Amino acid sequence: MRELRIHGRGGQGAVIASKLLAAALFHEGRWVQSFPAFGVERRGAPVAAFVRIDEVPIRLRCEVTQPDDIIVLDPTLLTAVDITAGLKPGGSILINSEGLPGDFPALIGRFRVATVAAGEIAARNHLGSRTQPIVNTAILGAFAACSGLVGLESVCAAIEEDVPQHAEANVRAAREAAAAVQVGGLAAQEVSHV
Amino acid sequence: MRKVIVGNHAVSWGVKLARAEVIAAYPITPQTQIVEELSEMCASGELKARFIKVESEHSAMAACVGASATGARAFTASSSQGLALMHEMLHWAGSGRLPIVMADVNRALGPGWNIWTDQTDSLAQRDTGWIQLYCETNQEVLDTTIMAFRLAEQVDLPVMVVLDAFFLSHTAEPVDIPDQELVDRFLPPRRARYKLDVDDPHSYGALVRPDDYMEMRWHLQDAMHDAVARFDGVETEWATLVGRSYGAVESYRTEDADIALVTSGTITSTARHVIDQHRENGEKIGLVKIKMFRPFPTDALRLALAGIDRVAVLDRNFSPGQGGIFAAELRSALYDLPAEDRPAIYGYVLGLGGRDVTPAVIDGIIDHVRMPGIPARADLWVGVKA
């Protein structure tokens, strides 16, 4: 079982990202479960969504408290919420940031850190507005490239199937982000897998 | 077709495949997605049903009662306070013997205002004459919704399909969505035994004097008895088409067990995981899942639990002044077992208002229930802060 938590702000598409990732993994033959943090959401407020992944049907029906992987859709969340809460030692963090993994020294000794300028990529592809780009599909492309957990083609197929508007631009953003992601921190072999 | 969908949309798909003809609903979290999806299906023409917008849940059920009385296949969905507001009309559906299907997404009642899962909303409607079926997975939600129409129309009773808020309603997981052609074979168009007909006018629900009322109640009870066996038949037919069935009661690894957990809803899944771990350590422990709450499957539960020493009932609900509702019902059902076969029943109240029920919480209950010499009680509260 592998568990993943996505941090975002209301309106950035964290919940959709969790569903797309689950659909992509399902197409690859995995069992999946995805859900938002249970509660009331407001635009701009911190939100979270979760994905469970396994080779067998998933029976845990409780909250995810000790994830293996974290995705952060908004870099301002790094100081607003405890994004590493419960993250397993050696776990991975993918951050939407124009910086490099080395710019996060507090994280890089303990976790595998990756960065991608998803906001810039999304804005370039006219996803959302320039000030409020919708970064969820770009970050999933980056996640496919840096995690090895899911194929980029599966992510693109899930986007084409389930994103009703601008599917092409979303796929392009995912591919550009996959090519642009920067990985640092712990070596890949130290990271736990399913 | 297999798709990753949330539990709410599993209901919507079930209703669409069942070719519901009238849908009347009022939105309430966490149910809203069910009727939102159905309204889109109606708007696009995918589902040829009349979608009636109403001003309250009371009216939603009233519209379903009217539609069902004319012979139409009617559906609605609600939760919590919305279901409570329907209460009067639930009696009109139940005692009116109208095969309406409703989804209730279990949500806690306020105040304190709470949108999270808790079964007290549906269980409080126990005596309204509705069959109640609780679900554990999104697949079970979809299958149960389709089966509910079949069962309802066989026994002329309304059926409530019950699913946990968020843990099912907003959780996406793989669901096999059967073909329309297959569902059509299982569920033919409704043929109402009695219906409102302007060419043959009758009145229903009029004054009934003491010399007939009791017989009407007896017929209701008789239909409830009948529903237990009918449900098995409906499940068997569904299983021949799709290969899936659930049982009014399901025993999981209870062979040679000394201790059994009794669960309903999504706590069951997490409990299966815990049971497997304890079995790996050689502990004789199993689980009994209750899917059907009304009619209460007394015979099946006696069979499933006879000879087990201790039973821990996990109730995500409670009746103030009593305790967990499944525990109380189970005690009543097993009381007539011979003393040597009758298990001691421990009722644990937990997870109210959506509080998380983790494997560690269930481990704690197992540790408690097997302590030597503890008296059986129906109101053991789990994890209450001092």
| message | With a cap of 13 neighbouring Cβ atoms within 10 Å, and only residues DSSP puts in a loop, list the chymotrypsin sites (Phe, Trp or Tyr not before Pro) found in the range B:54-121. | response | B:W113
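Of all DSSP beta bridges in the protein assembly as shown, what percent run antiparallel (nearest 5)?
Of those bridges, close to 40 percent are antiparallel.
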| remark: Least to most buried among B:D379, B:D199, B:D164, by other C-beta atoms within 10 Å and fewest first, runs B:D199, B:D379, B:D164
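Counting only other chains, what is the mean number of Cβ atoms within 10 angstrom of the Cβ of each residue in peptide A:24-32?
2
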| When the scattering of the protein assembly as shown is computed by the Debye formula from its Cα atoms alone, each counted once and equally, what is log10 I(q)/I(0) at q = 0.06 Å⁻¹? | -0.33
| request: Can you give me the span-like helices of chain B, meaning DSSP H runs with 30 Å or more of Cα extent along the axis and Kyte-Doolittle mean at or above -1.0? | output: B:210-242
| query | What share of the DSSP beta bridges in the range A:2-186 is antiparallel, in percent to the nearest 5? | reply | 60 percent
| request: In debye, nearest 20, what is the charge dipole magnitude of chain B about its Cα centre with +1 on Lys and Arg Cβ and -1 on Asp and Glu Cβ, if you could check? | output: 340 debye
| request: Would you work out which of B:G82, B:C135, B:G110 lies farthest towards the positive end of the dipole of the range B:82-142, given +1 charges on the beta-carbon of Lys and Arg and -1 on that of Asp and Glu, about the Cα centre? | output: B:G82
| Sequence-distant lysines (8 or more away, or on other chains) whose Cα lies within less than 19 Å of B:K16 | B:K3, B:K48, B:K53
| Roughly how many Å is it from the Cα centre of the range A:75-113 to that of the range B:11-66, as a whole number? | 44 Å
| message | List the residues, sorted by chain then number, that are 5 or more residues from A:G128 or on another chain and whose placed amide H is less than 5 Å from its amide H. | response | A:I134
| task | Please give the average number of partner chain Cβ atoms lying within 10 Å of the Cβ of each residue in B:133-141, rounded to a whole number. | result | 1
| remark: Listing B:T70, B:T263, B:T76 by rising number of other beta-carbon atoms within 10 angstrom, fewest first, gives B:T70, B:T263, B:T76
| Arranged by the count of other C-beta atoms within 10 angstrom, fewest first, what order do B:V357, B:V208 take? | B:V208, B:V357
| So between B:H91 and B:N281, what do we pick up on full extension, going 0.36 nm a residue minus the alpha carbon distance? | 63.5 nm
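Which net charge results for the neighbourhood of A:I121, defined as the other residues with beta-carbon distances under 10 angstrom from its beta-carbon, given Lys and Arg at +1 and Asp and Glu at -1?
Working: positive: A:R124, A:R172, A:R175; negative: A:E120, A:E176.
With Lys, Arg at +1 and Asp, Glu at -1, the neighbours total +1.
Please compute the average number of Cβ atoms from other chains found within 10 Å of each residue's Cβ in peptide A:51-62.
For peptide A:51-62, the averaged partner shielding equals 6.
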| task | Would you please state the base-10 log of I(q)/I(0) at q = 0.08 1/Å for chain B, with intensities from the Debye formula using one equal scatterer on every alpha carbon? | result | -0.40
| said: Counting each pair of different Cα atoms once, what's the Kirkwood radius of the range B:249-381 in Å, rounded to one decimal? | reply: 14.6 Å
| task | Taking the Cα centre of the protein assembly as shown as origin, sum charge times position over the Cβ atoms of Lys and Arg (+1) and Asp and Glu (-1), and report the length of that vector in debye to the nearest 20. | result | 760 debye
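Bear in mind these aren't lab numbers, they're just calculated from the coordinates by the rules spelled out. Everything numeric in this text was worked out from a predicted model, so none of it was measured. FYI the Cβ positions are ideal-geometry reconstructions off the backbone, even for glycines, and counts take in every protein chain you see.
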